[in-house]
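Encoded as structure tokens, the structure appears first; notes follow it.
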Amino acid sequence: MDQPSGRSFMQVLCEKYSPENFPYRRGPGMGVHVPATPQGSPMKDRLNLPSILVLNSCGITCAGEENEIAAFCAHVSELDLSDNKLEDWHEVSKIVSNVPHLEFLNLSSNPLNLSVLERRYAGSFSGVRKLVLNNSKTSWETVHTILQELPDLEELFLCLNDYETVSCSPVCCQSLKLLHITDNNLRDWTEIRKLGIMFPLLDTLILANNHVTTIEDSEDSLARLFPNLRSINLHKSAGLHCWGDIDKLNSFPKLEEVKLLGIPLLQPYTTEERRKLVIARLPSVIKLNGSVVADGEREDSERFFIRYYLDFPPEEIPFRYHELVTKYGKLEPLAVVDLRPRSSAKVEVHFKEQVEEVSIRLDQTVAELKKQLKTVVQLSTSNMLLYYFDHEAPFGPEEMKYNSRALHSYGIRDGDKIYVETKTK
């Protein structure tokens, strides 16, 4: 049978991992493996192969000689074939069938939508545990075939495949723990529901950068669909517009990690408000947007939640508010404390027997204060000595000897005193 035109897997393997391009390295974890080759093989003793092969962006279109692949790849466990020109699943199966210990396979950015994986070839993938098919436009028909023939598949990546719908597999995949299906066009929650049906033991669901709309299922239905879901990523789910969708996440019985950045619902709030309001609504979540929720932060958020809704009309107060009031009681609003530095103060200016109350700006310097007091005490600035007396301090007056020093640095408050004396020659 004629090989497809283009570069073969075996040809690229020989070029990249020849001794000239990939010299043997010694040391713990650094060794490479040179397997025994079939008698008469022209490549005998030529290749130094690690157990992880990276052959991305090499223009590979076909497998090449299968007996050579079997001879040199018997120990290989991970294989990256992303961004090549593989379009025939049969050619991929020729490679994989001769890598018996393969557990990780990356086929991203290959035009695999141009063919369908036939059931008779799918058994070649049976040992794979992690499969990456990002930007391959792989059909759902092929995905179903893979799911039926990969009994140990634990992680599946289906990003950037332009999926608008999910086609439900006739057989559930009981092994899958992580599904990465970001950057597609999944809008209707009925499509997401199908993922729960297909993957009943799913632990992690990454749906970022889709256009998921409101979560339509009831609480009981969600609990049945995703009974083992521990982590969900809904970053930039453009259709989530109401707090009810966030509340429904509580229906997943094992959920403890949530990612919710970039959704329209949260845009009007400050960063602090977003985090606290979400934490308060999701009592079982221990990690939000990648950050651990400590016990102290949870209590602060739940108390914040109560105070946030204190003045809302009864019809707009969420049920969670009443749960938290039962827990903490109805809290009073926090006192508003203005921590901004004072801009002015009213002080008593003493000069000889004269006492006058003067309002001074605290952002000015000692030199500028002397100019202000010229008309009060009828002295020139060069002939003026100033002393500041804090009416609450146990010490005596402090000479204001540095003309460039700002008044606010003295901590001047209303009621303090400024003594003016004439400079003696």
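The values are calculated or read from the model by the stated rules, or taken from the named source; none is laboratory data. Just so it is clear, the model here is predicted, and its values are computed rather than measured. Cβ coordinates were reconstructed from backbone atoms using ideal geometry, including for glycine residues, and neighbour counts include every protein chain displayed. Heads up: the accessible areas ignore ligands, DNA and RNA and are worked out on the full protein's heavy atoms, side chains in. Shrake-Rupley method; radii C 1.70, N 1.55, O 1.52, S 1.80 Å.
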- Query: What ranking do 86-92, 254-260 get when scored by the average of other Cβ atoms within 10 Å per residue, highest first?
  - Reply: 86-92, 254-260
- Helix 271-281 versus the longest principal axis of the chain: what angle, 0 to 90°, nearest 10, using Cα atoms? 60 degrees
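Note down the net charge around Ile60, summing +1 for each Lys or Arg and -1 for each Asp or Glu among other residues with Cβ under 13 Å from its Cβ.
Result for the local shell: -2.
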- Message: Quick check: net charge around His391, other residues with Cβ under 11 Å of its Cβ, Lys/Arg +1 and Asp/Glu -1?
- Response: -3
- Message: Given a Förster distance of 41 Å, report the FRET efficiency between His75 and Asp247 from their Cβ-Cβ distance, rounded to the nearest 0.05.
- Response: 0.20
- Pick out which of Glu155, Glu353, Glu316 has the largest mean-square fluctuation in a Gaussian network model of the chain, springs linking Cα atoms closer than 10 Å. Glu353
- Using the Karplus equation 6.51 cos²θ - 1.76 cosθ + 1.60 (θ = phi - 60°), what ³J(HN,Hα) coupling, rounded to whole Hz, does each residue of segment 173-190 give in order, writing x for Gly and Pro? 9, 7, 9, 5, 10, 10, 10, 10, 10, 6, 6, 10, 10, 7, 10, 7, 4, 4
- Note on the structure: Counting all Cα-Cα pairs in segment 174-337, those more than 20 Å apart amount in percent to 52 percent
- Out of these labelled values of semi-axes √(5λ) of the Cα gyration tensor in Å, [x] 80, 23, 15; [y] 71, 33, 17; [z] 37, 28, 20, which was calculated from the coordinates shown here? [y]
- Task: Please report, in cubic angstrom per residue, the volume enclosed by the convex hull of the alpha-carbon atoms of segment 124-213.
- Result: 79 Å³
- Cα→Cβ-extended label distance, 7 Å offset, between Glu272 and Lys352, nm: 5.4 nm
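Top to bottom by accessible area (1.4 Å), largest first, where do Tyr163, Tyr328 land? List each step's numbers first, then the result.
Details: Tyr163 15, Tyr328 50 Å².
Solvent-accessible surface, decreasing: Tyr328, Tyr163.
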- Item | Cα long-axis angle, helix 319-328 against the chain (0 to 90 degrees, to the nearest 10) | 60 degrees
- In the chain the DSSP beta bridges are antiparallel at a rate, in percent to nearest 5, of 40 percent
- Quick one: among Ile206, Ile360, Ile263, which has the greatest mean-square fluctuation in a GNM of the chain with alpha-carbon springs under 10 angstrom? Ile360
- On the formula 1/(1 + (r/R0)^6), with r taken between the Cβ atoms of Glu315 and Cys168 and R0 of 45 Å, the FRET efficiency rounded to 0.05 is 0.70
- Query: What percent antiparallel are the DSSP beta bridges of segment 174-337, to the nearest 5?
  - Reply: 15 percent
- Could you pull out every one of the lysines with an alpha carbon less than 27 Å from that of Lys423, ignoring same-chain neighbours closer than 8 positions? Lys346, Lys352, Lys370, Lys371, Lys374, Lys401
- Query: Spin-label point model (7 Å from Cα, Cβ direction): what's the Lys417 to His90 distance in nm?
  - Reply: 10.5 nm
- Please calculate the 1.4 Å probe accessible area of Lys137, with all protein chains present, and give it to the nearest 10 Å². 60 Å²
- Give the Debye-formula value of log10 I(q)/I(0) at each listed q (0.14, 0.16 Å⁻¹), with one equal scatterer per alpha carbon of segment 271-425, two decimals each. -0.70, -0.81
- Please report, largest first and rounded to whole Å, the three semi-axes of the ellipsoid equivalent to segment 142-271, where each semi-axis is the square root of five times an eigenvalue of the C-alpha gyration tensor. 24, 16, 13
- Item | Theoretical FRET efficiency, 1/(1+(r/R0)^6), r = Cβ-Cβ of Lys401 and Trp140, R0 60 Å, to 0.05 | 0.10
- Query: At q = 0.11, 0.15 Å⁻¹, what base-10 log of I(q)/I(0) does the Debye formula yield for segment 344-422 when every alpha carbon is treated as an equal point scatterer in vacuo?
  - Reply: -0.23, -0.44
- Item | Folded to 0 to 90 degrees: helix 295-308 orientation relative to the chain principal axis, Cα | 70 degrees
- When the helix-only estimate is applied to the chain (DSSP H runs of n ≥ 4, each -39,500 (n - 2.57), divided by the residue count), what is the mean residue ellipticity at 222 nm, nearest 500 deg cm²/dmol? -7000 deg cm²/dmol
- Which percent of the accessible area of segment 174-337 is formed by carbon and sulfur heavy atoms (probe 1.4 angstrom)? 53 percent
